[in-house]
Amino acid sequence: MAEKARIAVLVSGGGTNLQALIKAQTRGVLHSGEIVLVVSNQAQAYALERAKKAGIPTLTLLRKELGGQAAFEKALAEALEKNQIDLVILAGFLSILSGDFTSRYPKRIINIHPSLIPAFCGAGYYGLRVHEEALKYGVKVTGATVHYVNEVPDGGEIIAQKAVTVREDDTPETLQKRVMRLAEWKLLPAAAEMVSQKLTERNGL
Ligand code: GRF
């Protein structure tokens, strides 16, 4: 039996959060789990290059090519099974997984969201839009949240949060970058370690 939780990271884009996880693994901050697979739902995702550079196997699953969401989730479940994945990390994965899928992995899928949930979250709140809405509302503090994934978008149990102060002169772009640098890239690796540790204890891995 493996000593570490086997982790699959799901991505769609640039992959800076994936990079933070890889770095944490190299530095031993993430030591109770190991990233053994990176899955992208976008063929051009730069995250795939980051994975390859780190020597992590990659898989691209395209919903359109596979024939829809159900087929995509079936292929994903098969890949998770085949790779004996214990924990799935959504790191900038811009597709909502169905309740059918998430209910098969209770407390085994986590997601990072760039706001303090329950503010500025749910369907449609992704990327710059989250920060645009935070600025529009005029909040003085925002941040990032790592949570378990269930059938409600951004609605699962909260694992960890980190606050970031909003500046007078922030634009959505400057705020997004600061939330990533000060919150997301620290919070996600720390939460990945915490959950991996729990899983290894629970499973006697
Ligand atoms: C991050 O802001 C993450 O919180 C959100 O999507 C963005 C992904 O960035 N879910 P990256 O691909 O990790 O660089």
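The values are calculated or read from the model by the stated rules, or taken from the named source; none is laboratory data. What you are looking at is a predicted structure, and each value in this text was computed from that prediction instead of being measured. When we count neighbours, we look across all protein chains shown, and the Cβ atoms used for this are built from the backbone with ideal geometry, even at glycine. Heads up: the accessible areas ignore ligands, DNA and RNA and are worked out on the full protein's heavy atoms, side chains in. Shrake-Rupley method; radii C 1.70, N 1.55, O 1.52, S 1.80 Å.
General remarks:
- Charge dipole of the chain (Cα centre as origin; +1 on each Lys and Arg Cβ, -1 on each Asp and Glu Cβ, all else neutral): 420 debye, rounded to the nearest 20.
- Its DSSP H runs of at least 4 residues, each contributing -39,500 (n - 2.57), put the calculated 222 nm mean residue ellipticity of the chain at -11500 deg cm²/dmol, to the nearest 500.
- Distance violations [Cα-Cα > 28 Å] among 74/177; 140/186; 52/82: 74/177
- Rounded to 10°, Cα long-axis angle of helix 128-137 versus longest principal axis of the chain: 30
- Anchor residue 23: aspartates and glutamates whose Cα lies under 14 Å away (excluding residues fewer than 8 positions away in-chain): 34, 184, 193
- For the chain, a Gaussian network of Cα nodes joined below 10 Å ranks 67, 155, 99 by mean-square fluctuation, and the top entry is 67.
- Portion, in percent, of the accessible area of the chain that falls on carbon or sulfur, probe 1.4 Å: 51
- Set 53/162; 64/162; 162/198; 4/136 screened for pairs whose C-alpha atoms are more than 32 Å apart: 64/162; 4/136
- Most to least packed among 109-117, 80-88 [average Cβ atoms within 10 Å]: 109-117, 80-88
- Mean separation of Cα contacts under 8 Å, 6 or more apart, over the residue count of the stretch 86-151: relative contact order %: 44
- Residue among 78, 168, 49 with the largest mean-square fluctuation in a Gaussian network model of the chain, springs linking Cα atoms under 10 Å: 168
- Between the helical axis of 69-82 and the longest alpha-carbon principal axis of the chain there is an angle of about 60 degrees.
- Annotation: per residue accessible area for the chain equals 50 Å², rounded to a whole number [probe 1.4 Å, protein chains only].
- Multiplying the residue separation of residue 84 and residue 128 by 0.36 nm and removing their Cα-Cα distance gives an extension gain of 12.4 nm.
- Over the stretch 5-203, relative contact order from alpha-carbon pairs under 8 Å, at least 6 apart, %: 23
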